[in-house]
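The values are calculated or read from the model by the stated rules, or taken from the named source; none is laboratory data. What you see is a predicted model, and the numbers here were worked out from it, not measured in a lab. Cβ coordinates were reconstructed from backbone atoms using ideal geometry, including for glycine residues, and neighbour counts include every protein chain displayed. Calculation scope for accessible area: heavy atoms of the full protein, side chains included, ligands and nucleic acids excluded. Shrake-Rupley method; radii C 1.70, N 1.55, O 1.52, S 1.80 Å.
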Amino acid sequence: DNSTIPNGNIVKWSWDVGDGTKLDRTNNSPFNHQYATGGNYKVTLTVTSNNGCVNTIIQTANVTTPSLEAGQDLTMIRGGSVAFNISATGTNLQYKWSPAIGLDRDDVKNPVASPTEDTRYTVTVTSDEGCVLTDEILVRIVDKPVIRNTFTPNGDGVNDVWQIEYLDSYPEVRVDIFNRFGVRIYASIGYKTPWNGTLNGSELPVGTYYYVIDPKLGIPVYTGWVTILR
């Protein structure tokens, strides 16, 4: 309160903080009030002088409610890495991850994780209002990608692309596919868009194709055969 009066004295400060709480005070000293939920609250102050004069002012208190959702647990290939993609809202949030082992940073929203064994990470966020929230995410480790040996790109929405589970653990992976004559018909750095069984937009014939998957991390390449069925 910064109320003033030209003559006399203010003797009563009546507060309505907008959430059903009302306070009558005998001085203008600052005080704290904790809101249970976020929102916009109309705060009303009514001051009364010693001769009965009354004046009222209304202001809005904007109360934010931080939120945190670490998301689903993740699976990655041993020797690879995975970037977190958590959801967090609040004002000037500060982040802290524990344990820090296997993380490129422990004080950012979405660090890159490359643990060597199954690890459960805890993230703690603190807003500038002092609100603290925590959540957990488990990173599981597998020894190799799951490479299917057949897929059916027939447009029925089921198994239409050559999906390789956990290959996104290798961001710089190179994927090459060759036909039976040794002609390369597909090449990709990274594998965010799985192969759909086409070459230059045209469907390739039913048959078996040879693949080479190079993680580009100094570890052995994966090779084998994949069959297109329609």
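Before moving on, here are some points about what is shown:
- Members of the stretch 178-230 that are charged (D, E, K, R) and either in contact with a Cys (Cβ under 7 Å, 6 or more places away or on another chain) or crowded, with 16+ Cβ neighbours inside 10 Å (or both): Asp214
- When residues of the stretch 24-59 are limited to those that are aliphatic (A, V, I, L, M) and open to solvent by 60 Å² or more (accessible area, probe 1.4 Å), the one nearest to the chain's Cα centre (by Cα): Ala36
- Residue check: Asp135 meets all listed conditions (1) modelled with pLDDT under 95; (2) over 28 Å from Asn28 (Cα atoms) but one, namely (1).
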